[in-house]
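Everything below concerns the one structure shown next.
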Amino acid sequence: MATRMPSKNDHTLVKRPSTVRQPEAKRARRVKAVAATSVGLLDLGAWVARMPLLLERMNAAQDSFRFLEVMTPVPAGLIKTRESLAAWSRANGTSQGEVEAHPPGRNMVADEFLYFAEGVRKEHSLDYLFGLTTAMVAFTEDGRAHWNYFAFGRDHVSLVSTFDLRRYAAEARRPYEAAVGMLLVAQMLGLKHGVPSHEETRGCIFDFDANRDDVVVAIRQLAIDPQCLRLLPPEEAAAADALLAALRRMKEH
Ligand SMILES: [Zn+2]
């Protein structure tokens, strides 16, 4: 199973980002005196090798959001096989025909993860907590099952998928970590400001990507289109721009 087994040290470790910062950034933060929104990341077996570098770049780029790694034992069995997911979706109002027309792959059921994540988030006084899984994301909404998604979040917690993301990043000629960062930024802004995804593929981080392969366009551009940018408060639009600029600057090794 890809889920991490509880370790012998049954405790949660929150890795705070380094406090060593550039002098100008320190001054700027003191002047603004606005508490940053904290976003914890829980690796559910995605093993993003350059995650520390990704978070360092994202944190250095702006002062509105603080991304940090959270390590805690995660319940086993969150990822469903194709068969058990088909059974789960039928139990949640989906017909056999729909399952056959749109077959589920390997998915993690967000409903179960989000319940667990909310407890961890509160325990550590984080504003948001996101899980990263190698499976795709399934969830129920209004009593109906959905599957094969890149991400699903509710309130202050979200589940983000890296399924096929390495291949998509390669097609977009971007480092894998930049693609992971893009999904994190989209979830963060989507949850905090209610920015909805749009059906139209505009190469925007809020593209819905009904056809999963369309995500390549957004990974290539790493941008927010003007319509979506207008839905953000000015200071967070600036932070979002800075985050995406930092992702665009990332290179392969
Ligand atoms: Zn958009």
Mind grabbing the base-10 log of I(q)/I(0) for the chain at q = 0.11, 0.12, 0.18 Å⁻¹? Debye formula, identical points on the C-alpha positions, no solvent, two decimal places.
-> -0.58, -0.70, -1.56
What residues have an amide H closer than 5 Å to that of residue 135, excluding those fewer than 5 places away on the same chain, when H is modeled at 1.01 Å from N in the peptide plane?
-> 162
Sorted by chain and number, the residues with a modelled amide H under 5 Å from that of residue 159, at a separation of 5 or more or across chains, are 131, 152, 153
Pairs of lysines 8 or more apart, or on different chains, with alpha carbons under 27 Å: count those in the chain, would you?
-> 13
With contacts defined as alpha carbon pairs under 8 Å and 6 or more residues apart, what's the relative contact order of region 100-253 in percent?
-> 17 percent
Around residue 109, which amide H atoms from residues at least 5 apart in sequence, or from another chain, sit under 5 Å from its own amide H, with H modelled in the peptide plane?
-> 80, 138
Applying the span-like rule to the chain (DSSP H, Cα extent along axis at least 20 Å, Kyte-Doolittle mean at least 0.0) gives 176-193, 234-249
In the neighbourhood of residue 145 defined by beta carbon distances under 12 Å, the net charge of the other residues (Lys, Arg +1; Asp, Glu -1) is -1
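Values in this text are rule-based calculations from the coordinates and carry no lab data. None of the values given here were measured: they were computed from a predicted structure. Glycine gets a Cβ as well: all are built from the backbone with ideal geometry, and neighbour counts include every protein chain shown.
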